[in-house]
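Contents: one structure, followed by commentary.
The values are calculated or read from the model by the stated rules, or taken from the named source; none is laboratory data. Treat the numbers as computed from the prediction; the structure is a model and nothing was measured. Ideal geometry is used to build each Cβ from the backbone, glycine not excepted, and the neighbour counts take in all protein chains shown.
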Amino acid sequence: MAVVTLYQSDRDLSKTFTDKKDADVYDKMLELAKNVSSWMQRNVPDLSDDQSQQLGTLVAQNKSELIKAFKGKSALLPKAPTENDTDTDSESQSEEATVNAEAEANDTTIALNE
């Protein structure tokens with residue numbers, strides 16, 4: 001019988017990972033989302049808690065694209081979904097968000113090392 005080590009996210013107990021690095025990347029993304037949400041709530045008084053959490057998560061998931069946009073490459077920002085796009089597969093979106101968070105962490109590490 002094989003033994004599989006699982007790592008659980010500190011901030012989202014429903015998420016488990018087989019790689020510690022992946023769990024750490026996901027936790028860092030969630031921490032950034034929380035901090036951005038708090039910042040938005042302080043600076044935009046009419047923003048609801050749900051809206052600020054959604055925006056915080058959006059910013060955290062797209063951090064590397066936003067960094068590039070702030071450096072003058074706004075054409076690299078993801079396009080907004082159109083009415084023809086369907087969002088029926090939320091599980092694949094969650095997986096994509098995890099992959100994006102991992103890629104963003106790697107981009108940030110590379111940028112910091114340069």
| said: Given the criteria of a type outside the set (Gly, Ala, Ser) and modelled with pLDDT of 90 or more, does Asp19 qualify? | reply: yes
| said: Considering only residues that are over 15 Å from Tyr7 (Cβ atoms) and of a type in the set (S, T, N, Q), which ones fall in the stretch 17-50? | reply: Asn35, Ser37, Ser38, Gln41, Asn43, Ser48
| query | Do we find that Tyr26 is farther than 29 Å from Leu77 by Cβ, in contact with a Ser or Thr (Cβ under 8 Å, 6 or more places away or on another chain) and buried (at least 17 other Cβ atoms within 10 Å of the Cβ) in this structure? | reply | no
| remark: Selection from the stretch 1-19 of residues within 21 Å of Lys63 (Cβ to Cβ) and outside any loop (DSSP other than H, G, I, E, B) yields Phe17
